[in-house]
Amino acid sequence: MTASSKVRWGVVSAAQIGLNHVIPAIQRSSNGRVVCIGTPHPERARERAEKLGVPRVYDSYGAVLDDPEVEAVYIPLPNSMHRDWTLRAAAAGKHVLCEKPMALTAADCREMIAACRRHGVLLMEAFMYRFHPQQAAIQQVLASGRLGAIKMVRSAFTFRLNLADATNIRLSRELWGGALMDVGCYCLNAARAYFGAEPLSVLASARIPPELGVDTTLHGLLDFEAGAAPFVVSLEMAGQPQLEIVGERGRMEIPSCFTPGEAPPALAVTAEGKREERVLEGANSYQLQVEAFAGSVRAGRELLLPPEDAVANTRVIEAVRLAVADGRRVMLSSIP
């Protein structure tokens, strides 16, 4: 693909996930290139932008949307800002790849989808792990029937932050940080994907330090018609194997389900008394994600993750949030 035919991206924010992962992925991609970054602190981003081959750094987010060369935007802003900047991007005629979770509520997600459709642009939630070849391998095992009917999807996404770092947006109540919004959304997304269904109800409890006002550790249980999905997420706990799928006749362990990295990941299947360990193809999931999105923009390919999936995931987030607040089981049918 020639440079002139590649999708031209703008990045709304100089967030670290963009500078460290997504912008390099776009620059390496076969069908896209980043032409600008917008940030209120351009002096902090210019050196990195130059090294990444990004020609323009603007001093505001809005300047990215005003750039006539930009066709698609990547939005890695704090969670509380996803809705407003997606609506602005849609009105400016820009396709939107929005970081997860797409919004604070399912109603916000629906508004974002409607705005993008009204303006004729695409919208996708950036769950990069879903684009890694590991996911196809998982689905192949599930489809083979080796595990039998799925009864449990157990997941964990835990790591340690400096909880005294007041500058970390993950710890900001005003910006809707916390473990559920930062990494819990992965566990909910995976459980829904592997059960191939939506949960019926939710139970959850959380540790919320009063001085922070956000959940730093959260335990939850999603009840599905076919089984259950217990999960734990934490900003104050050592990392651990991330996912296990258990069926009637076997189980599958995916230690790096959400963060496979570029090295060849491993998964293990235990069935009929035998354990099989497989090392899969390594890949850059961020690059595969942006190539897939750009392919939909340029060639009209169907989105792997349609925005309606974000609505469903956000409904579960809302249910978990309510279960923690009220200390009770919450039925998904009560979440609009």
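The values are calculated or read from the model by the stated rules, or taken from the named source; none is laboratory data. Here the structure is a predicted model, which means the values were calculated and not measured. Neighbour counts are summed over all protein chains in view; Cβ atoms, including those assigned to glycine, are modelled from backbone coordinates with ideal geometry. Please note that ligands, DNA and RNA were not included when accessible areas were found on the heavy atoms of the full protein model with its side chains. Shrake-Rupley method; radii C 1.70, N 1.55, O 1.52, S 1.80 Å.
Mind checking which residues of the range 267-277 are at pLDDT 95 or above and open to solvent by 30 Å² or more (accessible area, probe 1.4 Å)? Within the range 267-277, Thr270, Lys274, Arg275, Glu276, Glu277 meet the criteria. Among the residues of the range 289-319, just one is open to solvent by 60 Å² or more (accessible area, probe 1.4 Å), in contact (Cβ under 8 Å) with a residue 60 or more places away in the chain and in contact with a helix residue (DSSP H, G or I) (Cβ under 6 Å, 6 or more places away or on another chain), namely Leu304. Checking the stated criteria, Arg154 turns out not to satisfy the condition of being surrounded by fewer than 18 Cβ atoms within 10 Å (Cβ to Cβ), modelled with pLDDT of 95 or more and in contact with an Asp or Glu (Cβ under 7 Å, 6 or more places away or on another chain).
Matching residues to (1) farther than 24 Å from Val183 by Cβ; (2) more than 21 Å from the chain's Cα centre (by Cα); (3) of a type in the set (Ser, Thr, Tyr); (4) modelled with pLDDT under 95:
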| site | (1), (2), (3), (4) |
| --- | --- |
| Ser29 | yes, no, yes, no |
| Val35 | yes, yes, no, no |
| Leu52 | yes, yes, no, no |
| Val57 | yes, yes, no, no |
| Ser60 | yes, yes, yes, no |
| Leu65 | yes, yes, no, no |
| Pro68 | yes, yes, no, no |
| Trp85 | no, no, no, no |
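Checked against (1) farther than 19 Å from Leu104 by Cα; (2) open to solvent by 10 Å² or more (accessible area, probe 1.4 Å), Tyr186 passes all but condition (1). What's the number of the only condition in (1) over 18 Å from the mean Cα position of the chain (by Cα); (2) open to solvent by 20 Å² or more (accessible area, probe 1.4 Å); (3) among the hydroxyl-bearing types (Ser, Thr, Tyr) that Ser201 fails to meet? Against the list (1) over 18 Å from the mean Cα position of the chain (by Cα); (2) open to solvent by 20 Å² or more (accessible area, probe 1.4 Å); (3) among the hydroxyl-bearing types (Ser, Thr, Tyr), Ser201 comes up short only on (2).
Looking at (1) free of Cβ contacts under 8 Å to residues at least 60 places away in the same chain; (2) under 19 Å from the mean Cα position of the chain (by Cα); (3) more than 20 Å from Val7 (Cβ to Cβ), which is the only condition Ala164 fails? Ala164 satisfies all of (1) free of Cβ contacts under 8 Å to residues at least 60 places away in the same chain; (2) under 19 Å from the mean Cα position of the chain (by Cα); (3) more than 20 Å from Val7 (Cβ to Cβ) except (2).
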